[in-house]
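Structure, as structure tokens:
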Amino acid sequence: NAGVTQTPKFQVLKTGQSMTLQCAQDMNHNSMYWYRQDPGMGLRLIYYSASEGTTDKGEVPNGYNVSRLNKREFSLRLESAAPSQTSVYFCFTQGRYHSPLHFGNGTRLTVT
Amino acid sequence: DQQVKQNSPSLSVQEGRISILNCDYTNSMFDYFLWYKKYPAEGPTFLISISSIKDKNEDGRFTVFLNKSAKHLSLHIVPSQPGDSAVYFCAATGVFFGNEKLTFGTGTRLTIIP
């Protein structure tokens, strides 16, 4: 998964705490996505960004905010973490139309 | 509403035999399909894709078949190898979805038995 870096790899939060998941890519891709993976639910889209400065909601955006201040970085913020947000979070990027996604290695988040 | 379904959460196959992973979709607007493979603690990696204008695409040991009338696609791995043990996700998208938001299935865990 060279080219897409997610930080942190692991995080434990208490209910109500906030944190930001970072994603950075060096492939000059326009599109970036945040997904969460939960058992039995597959990968579900939280937010995506078609280009710098634009973001749109995905399938499960509630409880999250995102920021795409430049082409390289796309951050996901949890303002007030809830146990339901315990999940593995993946950042993707995509180049040209219909090209495969490039994934980060994921952030495993536990909210107690 | 699960638009992309992988009804088998797990599958075990003997090494050297064929592995067949299935995926069904409900939205007729999907026109492009992809398979991803995921090892534990890693992000998914792209395997193979197919456009709706085709019914088969082959890449080495991997072949994807698409049956549009049945809204069904399958991934065949021949011969199966121990390194193929992983979780496999199918995904679908289409021009209709604008920014190409992928819709993923729930995954099938494939175990290759030596």
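The values are calculated or read from the model by the stated rules, or taken from the named source; none is laboratory data. Only a predicted model underlies this, so the values are computations on that prediction, with no experimental measurement involved. Reconstructed Cβ throughout: ideal geometry from the backbone, glycine too, with neighbour counts over all protein chains shown. When the accessible area is computed, the model is the full protein with side chains, heavy atoms only, and any ligands, DNA or RNA have been set aside. Shrake-Rupley method; radii C 1.70, N 1.55, O 1.52, S 1.80 Å.
Take peptide B:68-78, look around each residue's Cβ out to 10 angstrom, count Cβ atoms belonging to other protein chains, and average those counts. Provide the component values of the computation, followed by the final result.
On the way: counts 0, 0, 0, 0, 0, 0, 0, 0, 0, 0, 0.
Averaged over the peptide's residues, the number is 0.
Taking only C-alpha pairs under 8 Å that are 6+ residues apart, what is the relative contact order of chain B in percent? Provide the component values of the computation, followed by the final result.
On the way: 273 pairs, mean separation 42.3, N = 114.
Across chain B, relative contact order equals 37 percent.
Along Cα→Cβ, 7 Å out, is where each label goes; now give me the distance between the ones at A:Arg77 and A:Glu52 in nm to one decimal.
My value for the distance between the label points is 2.0 nm.
Hey, quick one: spin label on B:Asn57, modelled 7 Å out along Cα-Cβ, who in region B:1-25 has an amide N within reach, i.e. under 18 Å?
Label zone hits: B:4-5, B:21-25.
Once you place label points 7 Å from the Cα toward the Cβ at A:Asn62 and A:Thr110, how far apart are they in nm?
The two pseudo-label positions are separated by 2.6 nm.
Which residue, A:Met32, A:Met19, A:Met41, tops the fluctuation ranking in a GNM of chain A built on C-alpha contacts under 10 Å?
Looking only at A:Met32, A:Met19, A:Met41, the largest GNM fluctuation is found for A:Met41.
Springs between alpha-carbon atoms under 10 Å, Gaussian network over chain A: tell me which of A:Arg72, A:Arg44, A:Arg96 tops the mean-square fluctuations.
Top of the fluctuation ranking is A:Arg96.
If you count, for every residue in B:44-50, the Cβ atoms of partner chains within 10 Å of its Cβ, what is the mean? Each step should come with its number before you reach the end.
Values: counts 11, 5, 5, 1, 1, 3, 0.
Averaged over the peptide's residues, the number is 4.
Looking at chain A as a GNM with Cα springs under 10 Å, which of A:Ser80, A:Ser99, A:Ser18 has the largest mean-square fluctuation?
The residue that fluctuates most here is A:Ser99.
Mind checking A:99-108 for the average number of partner chain beta-carbons within 10 Å of each residue's beta-carbon?
Values: counts 3, 9, 9, 4, 7, 2, 3, 5, 0, 1.
Going residue by residue through A:99-108 and averaging, the value is 4.
Give me the percent of Cα-Cα pairs in the protein assembly as shown that sit more than 31 Å apart, rounded to a whole number.
Numbers: 5190 of 25425 pairs.
Value for the protein assembly as shown (Cα pairs over 31 Å): 20 percent.
Ignoring solvent entirely, what values of log10 I(q)/I(0) come out of the Debye formula for chain A at 0.23 Å⁻¹ when each Cα is a single scatterer?
-1.33
I'd like the carbon and sulfur percentage of the solvent accessible area for region B:14-114, probe radius 1.4 Å, heavy atoms only, ligands and nucleic acids excluded. If you can, show how the numbers build up before the last one.
Working: 2340 of 4480 Å².
After summing per-atom areas, the C and S share lands at 52 percent.
In chain B, how does Rg compare with the Kirkwood Rh, expressed as the Rg/Rh ratio over alpha carbon atoms? Don't skip to the answer; put the middle values down first.
Working: Rg = 13.5 Å, Rh = 14.1 Å.
In chain B, Rg relative to Rh is 0.96.
What number, in percent, do you get for the relative contact order of chain A if the mean sequence gap of Cα pairs under 8 Å and at least 6 apart is divided by its residue count?
Over chain A, the number comes to 36 percent.
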